[in-house]
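Q: Okay, handing you the structure first.
The values are calculated or read from the model by the stated rules, or taken from the named source; none is laboratory data. Since this is a predicted model, take the numbers as computed values, not measurements. Glycine gets a Cβ as well: all are built from the backbone with ideal geometry, and neighbour counts include every protein chain shown.
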Amino acid sequence: MITVEHLSKRYGSHPAVDDVSFTCEPGTVTGFLGPNGAGKSTTMRMICGLTPPTSGTATVDGRPYRQLGNPGRRIGVLLDASAQHSGRTGREVLTLAALTMGVDRRRAGESLERVGLNRTAARRRVKAYSLGMRQRLGLAYALLGDPAVLILDEPANGLDPEGIFWMRGLLRDFADRGGTVLLSSHLLREVEAVADRLVVIGAGRVVAQGDKAELLAASGTVVKALDMPALEAALRRHGLTGTAAAGGGVVVQAGAEAIGRAAAEAGVVLLELRPADSGGLEQMFLSLTAGDSVQEAVR
């Protein structure tokens, strides 16, 4: 389990992370979302003991990362796919990590195979790897110690569609076997497909968190009518407003029953009435983080 309580980080007078609290439970994938510079990476670095917080705490299984004995056996971390020694081969990187963690050296080859890096790729030097191959190597490193927790910052960056689909399955399987995953990504559709819970951060503060289904349900209802002006007038009479949606409909912050009754009373024929779940995460993300002004150089 990952527990973050009132975590803050200031650089001078600038709050990079401001009173952030959330938990990641075993058996779940938590999507950690926010625009560039919102404080995601800083928060993850504080969880991993790389950046000292100004205030607050972050623990893994009840203990700060720096107090974990042999942390690679408890928590797998991928924060920067380019952090590996470029002059070493993929196998050398993992073999040295295995020796450091005190695990069987044979796990290096097993971990490489698990992430789709074959023997030829294992013998190549990291400097010859594509970004997608570095991501796979970083994930192999994170999984090497057979940890119960994964913290991954943009792990799908540089992967092709097949690779993204593969990673989704790997993370889902990891969580389904009782693991805990904290996943930061800009690929909202992929997060929506794999995550159980969501934490959305904007300008250093948590703006929404909770069960994915509940948050997306709260994003509204899509409605489309044969006569859209008549529908909009009917909605206004009931105090309901909507925003334009793809396909000519509107998204209304109300349930289907309330919208359907308003349309029925006005004699409006509806062509579509459904939860805003298709693309709902993208819409929710944009509405929650709209107007955030951040300074990426600081965060």
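Q: Could you tell me whether segment 152-171 includes any residue that is within 24 Å of S41 (Cβ to Cβ) and part of a strand (DSSP E or B)?
A: Taking every residue of segment 152-171 in turn, at least one turns out to be within 24 Å of S41 (Cβ to Cβ) and part of a strand (DSSP E or B).
Residue by residue, here is whether (1) farther than 20 Å from L94 by Cβ; (2) at pLDDT 90 or above holds:
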{"position": "G138", "(1), (2)": "no, yes"}
{"position": "Y141", "(1), (2)": "no, yes"}
{"position": "L144", "(1), (2)": "no, yes"}
{"position": "N157", "(1), (2)": "yes, no"}
{"position": "R168", "(1), (2)": "yes, yes"}
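Q: Right, something else. Would you call P35 touching a residue at least 60 places away in the same chain (Cβ under 8 Å), under 17 Å from V77 (Cα atoms) and in a loop (DSSP other than H, G, I, E, B)? Give the steps one after another, and end with the answer.
A: Values: touching a residue at least 60 places away in the same chain (Cβ under 8 Å): yes; under 17 Å from V77 (Cα atoms): no; in a loop (DSSP other than H, G, I, E, B): yes.
Against the criterion (touching a residue at least 60 places away in the same chain (Cβ under 8 Å), under 17 Å from V77 (Cα atoms) and in a loop (DSSP other than H, G, I, E, B)), P35 does not qualify.
Q: Take the residues in segment 86-133 that are hydroxyl-bearing (S, T, Y) and touching a Leu at 6+ places or on another chain (Cβ under 7 Å), then tell me which one is nearest to R73 (Cα to Cα).
A: Filtering segment 86-133 down to residues hydroxyl-bearing (S, T, Y) leaves 86, 89, 95, 100, 111, 120, 129-130.
The next check asks that each one be touching a Leu at 6+ places or on another chain (Cβ under 7 Å); those that pass are 111, 129.
Details: S111: 14, Y129: 26 Å.
Of everything passing the filter in segment 86-133, S111 is nearest to R73 (Cα to Cα).
Q: Considering only residues that are without any contact (Cβ under 8 Å) to a residue 24 or more places away in the chain and in a loop (DSSP other than H, G, I, E, B), look in segment 96-129 and name the one that is farthest from S86 (Cα to Cα). Can you show your working first?
A: Taking segment 96-129 and keeping what is without any contact (Cβ under 8 Å) to a residue 24 or more places away in the chain, we get 96, 99, 104-106, 109-110, 113, 118-120, 128.
If we keep only those that are in a loop (DSSP other than H, G, I, E, B) too, we end up with 104-105, 118.
Values: D104: 24, R105: 21, N118: 18 Å.
Only one residue fits best here, namely D104.
Q: Hey, another quick one. Is there any pair with a first residue in segment 40-55 that is outside any loop (DSSP other than H, G, I, E, B) and a second that is hydroxyl-bearing (S, T, Y) whose Cβ atoms are under 7 Å apart and which are 6 or more apart or on different chains, and what are they?
A: That search, which allows pairs on different chains as well, returns K40/S184; T42/T51; M44/S184; R45/T51; I47/Y65; S55/S8.
Q: For segment 158-165, does any single residue satisfy the condition of being on the phi < 0 side of the Ramachandran plot, within 13 Å of the chain's Cα centre (by Cα) and assigned by TED's automatic domain parsing to the domain that holds Y65? Steps first, please.
A: Here is the first cut: in segment 158-165, the ones on the phi < 0 side of the Ramachandran plot are 159-165.
Narrowing the set further to residues that are within 13 Å of the chain's Cα centre (by Cα) leaves none.
Scanning segment 158-165, I find no residue that is on the phi < 0 side of the Ramachandran plot, within 13 Å of the chain's Cα centre (by Cα) and assigned by TED's automatic domain parsing to the domain that holds Y65, so the answer is no.
Q: Can V149 be described as in contact with a Ser or Thr (Cβ under 6 Å, 6 or more places away or on another chain), buried (at least 21 other Cβ atoms within 10 Å of the Cβ) and either of a type in the set (D, E, K, R) or farther than 22 Å from A83 by Cβ (or both)? Write out each step before concluding.
A: Working: in contact with a Ser or Thr (Cβ under 6 Å, 6 or more places away or on another chain): yes; buried (at least 21 other Cβ atoms within 10 Å of the Cβ): yes; either of a type in the set (D, E, K, R) or farther than 22 Å from A83 by Cβ (or both): no.
So V149 fails the test.
Q: Given V191, V199, which one is in the same structural domain as G27 (by TED's automatic domain parsing) and closer than 19 Å to A58 by Cα? Let's see the steps before the verdict.
A: Values: V191 fails: closer than 19 Å to A58 by Cα.
Every option except V199 fails the conditions.
Q: Does E214 satisfy the criteria of being of a type outside the set (S, T, Y) and either assigned by TED's automatic domain parsing to the domain that holds G62 or in a loop (DSSP other than H, G, I, E, B) (or both)? Spell out how you get there, then give the answer.
A: Numbers: of a type outside the set (S, T, Y): yes; either assigned by TED's automatic domain parsing to the domain that holds G62 or in a loop (DSSP other than H, G, I, E, B) (or both): no.
Judged against the criteria, E214 is not a match.
For (1) buried (at least 21 other Cβ atoms within 10 Å of the Cβ); (2) within 19 Å of R177 (Cβ to Cβ); (3) touching a Gly at 6+ places or on another chain (Cβ under 9 Å), each residue gets a yes or a no:
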position	(1), (2), (3)
N70	no, no, yes
A81	yes, no, yes
L96	no, no, no
S111	yes, yes, no
L131	no, no, yes
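Q: Taking segment 130-146 on its own, how many of its residues are in a loop (DSSP other than H, G, I, E, B) and under 22 Å from the mean Cα position of the chain (by Cα)? It would help to see each step written out before you state the result.
A: At the first step, the residues of segment 130-146 found to be in a loop (DSSP other than H, G, I, E, B) are 130, 144-146.
Checking which are under 22 Å from the mean Cα position of the chain (by Cα) leaves us with 144, 146.
So the count comes out to 2.
Q: Quick one: how many residues across segment 217-237 are in contact (Cβ under 8 Å) with a residue 40 or more places away in the chain, buried (at least 21 other Cβ atoms within 10 Å of the Cβ) and not in a strand (DSSP E or B)?
A: Matching residues across segment 217-237 total 2.
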